[in-house]
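Data first, discussion second: the structure below is written as structure tokens.
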């Protein structure tokens with residue numbers, strides 16, 4: 001893929017967790033623990049049973065929430081409110097990131113399997129909420145998660161990305177399997193490299209155009 005300039009794309013689409021902020025911050029570890037706790041409390045499972053259910057739901061449906069809704073009839077709003085009820089002092093207001101995002105030409109979006117409230121909290125703490133035109137969360141996709149191809153159709157429609165704009169759009173994400181449908185549609189793709197999803201990357205590497213260690217590294221490599 002050729003050098004990226006600030007005006008290389010009409011649409012810049014960013015995942016949220018472990019993408020907008022560095023995975024090394026560890027915020028998602030807290031969310032992960034609360035997912036297990038929610039399953040334990042709501043379904044009266046042991047920790048071992050909850051972790052097994054969580055893993056199976058994720059593998060089967062692409063998102064733990066989707067599986068819990070389908071097989072255990074849990075309330076999605078109750079679930080999302082619980083798992084995202086975490087403090088994040090690790091995140092800081094980031095002037096440099098704000099400036100880099102602001103200087104990108106084109107429209108910028110957040111596309112996440114999390115909730116809009118969670119996304120707004122993260123972006124607000126980092127001082128970058130105003131840099132994004134729209135947030136598409138799991139509720140707005142009718143709880144159809146990435147990497148389900150239906151979710152990407154909803155995403156394109158929600159962001160107003162027409163067929164002739166797809167090749168001028170780029171998607172940045174920490175989970176490589178979530179880049180597969182985007183690449184098949186014609187978007188350019190960037191994987192935020194991390195050990196957590198390394199095996200997933202190996203299985204989906206053909207759908208990844210670029211690899212960066214974190215978002216700042218990616219933005220710093222763009223010619224402004």
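The values are calculated or read from the model by the stated rules, or taken from the named source; none is laboratory data. For clarity, every value in this text was computed on a predicted model and none was experimentally measured. Using ideal geometry, Cβ is built from the backbone for each residue, glycine included, and neighbour counts are taken over all protein chains shown.
Table for the structure above
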item	result
Some residue of the range 133-151 being out of contact with any strand residue (DSSP E or B) (no Cβ under 8 Å at 6 or more places or on another chain), closer than 17 Å to residue 12 by Cβ, assigned to a helix (DSSP H, G or I) and in contact (Cβ under 8 Å) with a residue 24 or more places away in the chain	no
Residues being in contact (Cβ under 8 Å) with a residue 60 or more places away in the chain and more than 15 Å from residue 4 (Cβ to Cβ) - total across the range 193-211	2
All positions within the range 1-27 that are more than 23 Å from residue 152 (Cα to Cα) and buried (at least 17 other Cβ atoms within 10 Å of the Cβ)	4, 22, 23, 27
Lone unmet requirement of (1) surrounded by fewer than 19 Cβ atoms within 10 Å (Cβ to Cβ); (2) closer than 18 Å to residue 144 by Cα; (3) within 18 Å of the chain's Cα centre (by Cα) for residue 110	(1)
Unique match (being under 23 Å from residue 216 (Cα atoms), over 13 Å from the mean Cα position of the chain (by Cα) and buried (at least 17 other Cβ atoms within 10 Å of the Cβ)) among 80, 104	104
Members of the range 202-224 that are part of a helix (DSSP H, G or I) and surrounded by fewer than 18 Cβ atoms within 10 Å (Cβ to Cβ)	202, 203, 205, 206, 216, 217, 220
So residue 41, is it modelled with pLDDT of 95 or more, surrounded by 13 or more Cβ atoms within 10 Å (Cβ to Cβ) and touching a helix residue (DSSP H, G or I) at 6+ places or on another chain (Cβ under 9 Å)	no
Test: residue 68 is in a helix (DSSP H, G or I) and in the same structural domain as residue 166 (by TED's automatic domain parsing)	no
